[in-house]
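Asker: One structure is given below, represented as C-alpha cells, and several questions about it will come after.
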Amino acid sequence: MRRHALMVAALLSTSALAPAHAADPLGTWSTQGAKAQVRIVNCSGGLCGAIVALSEPNDAAGKPKTDINNEDKGKRSRAIIGVQILLGMKPGGANRWDGQVYNAEDGKTYSGNITLQNANTLQLQGCALGGMICRSQTWTRVN
C-alpha cells in the first residue's frame, strides 16, 4: 500500500513538472500598428474579440469614432469602441481558432482565424473569395 502511495505521489509530482499547455489567446491585444486594442474573451463556446481602445478615439470634429463603413446602415452610428471584430472563433488546430473577422475599415466580415504564435504574439488572418485572397496581421499582448 505504501509503495502504491509513493508511485501516485511520484506521478503527481512529475505531471506538475510537465510543460504547461500553450498560453491561451484570452486577454487584451494591440493590433498591428497599434491602431486599436482588442480584448479576446470566451463566448458561446468559442472566442470573441471586441475593440476596447483606439489610438485615435475621436474623429476630426472631436466626436467618438463610429462604425461608419459598416455595410448595415443601421450600425453606422454605433461607437467603434465595443464593436466585436472576432466572431465565433472555434478551435481549429493547435493554438488556432477559426471563425469570422469584421474589418471596421471597410465594413465587411471575412472568414478568418487567429493563431497563437507564442504567449505574447498572435497572428490574425482574414480571407475573401473562399480563402483565395488573405491578409494577415501580427498582434502583441498588452501587459
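Asker: Among the candidates Leu116, Leu86, Leu122, which residue alone is farther than 19 Å from Val52 by Cα, under 12 Å from the mean Cα position of the chain (by Cα) and either touching a residue at least 24 places away in the same chain (Cβ under 8 Å) or in a loop (DSSP other than H, G, I, E, B) (or both)?
Answerer: Leu116
Asker: Among Ile51, Ile80, which is on the phi < 0 side of the Ramachandran plot, hydrophobic (A, V, I, L, M, F, W, C), modelled with pLDDT of 95 or more and in contact with an Asp or Glu (Cβ under 8 Å, 6 or more places away or on another chain)?
Answerer: Values: Ile51 fails: in contact with an Asp or Glu (Cβ under 8 Å, 6 or more places away or on another chain).
Exactly one residue qualifies, and that residue is Ile80.
Asker: Here's a follow-up. For Met132, only one of the following conditions fails: (1) modelled with pLDDT under 95; (2) closer than 21 Å to Ala34 by Cβ. What is its number?
Answerer: Going through (1) modelled with pLDDT under 95; (2) closer than 21 Å to Ala34 by Cβ one by one, Met132 breaks only (2).
Asker: Going by the structure shown, is Trp139 among the aromatic types (Phe, Trp, Tyr), touching a helix residue (DSSP H, G or I) at 6+ places or on another chain (Cβ under 9 Å) and either surrounded by 14 or more Cβ atoms within 10 Å (Cβ to Cβ) or in contact (Cβ under 8 Å) with a residue 60 or more places away in the chain (or both)?
Answerer: yes
Asker: Give the residue that is farthest from Val83 (Cα to Cα), with candidates limited to residues of region 118-136 that are of a type outside the set (A, V, I, L, M, F, W, C) and surrounded by 15 or more Cβ atoms within 10 Å (Cβ to Cβ). Talk me through it step by step, then tell me what you get.
Answerer: Narrowing region 118-136 to residues of a type outside the set (A, V, I, L, M, F, W, C): 118, 120-121, 123, 125-126, 130-131, 135-136.
So of that shortlist, the ones also surrounded by 15 or more Cβ atoms within 10 Å (Cβ to Cβ) come out as 123, 125-126.
Values: Gln123: 20, Gln125: 18, Gly126: 17 Å.
So, considering only residues that are of a type outside the set (A, V, I, L, M, F, W, C) and surrounded by 15 or more Cβ atoms within 10 Å (Cβ to Cβ), the one farthest from Val83 (Cα to Cα) is Gln123.
Asker: It is to be established whether one or more residues within region 71-83 are surrounded by fewer than 15 Cβ atoms within 10 Å (Cβ to Cβ) and closer than 27 Å to Ala23 by Cα.
Answerer: Yes, region 71-83 contains at least one residue that is surrounded by fewer than 15 Cβ atoms within 10 Å (Cβ to Cβ) and closer than 27 Å to Ala23 by Cα.
Asker: Right, here's the next one. Among Ile81, Ile40, which is among the β-branched types (Val, Ile, Thr) and not in a strand (DSSP E or B)? Working first, answer last.
Answerer: Values: Ile40 fails: not in a strand (DSSP E or B).
From the options Ile81, Ile40, the qualifying one is Ile81.
Asker: While we're on this one: Mind listing whichever residues of region 84-111 are buried (at least 18 other Cβ atoms within 10 Å of the Cβ), among the small types (Gly, Ala, Ser) and either in contact with a strand residue (DSSP E or B) (Cβ under 6 Å, 6 or more places away or on another chain) or at positive phi (or both)?
Answerer: Across region 84-111, the qualifying residue is only Gly99.
Asker: Does region 69-77 contain at least one residue that is within 22 Å of Gln137 (Cα to Cα), out of contact with any Cys (no Cβ under 9 Å at 6 or more places or on another chain) and at pLDDT below 95?
Answerer: No, region 69-77 contains no residue that is within 22 Å of Gln137 (Cα to Cα), out of contact with any Cys (no Cβ under 9 Å at 6 or more places or on another chain) and at pLDDT below 95.
The values are calculated or read from the model by the stated rules, or taken from the named source; none is laboratory data. Treat the numbers as computed from the prediction; the structure is a model and nothing was measured. So basically every Cβ, Gly included, is an ideal-geometry build from the backbone, and we count neighbours across all protein chains shown.
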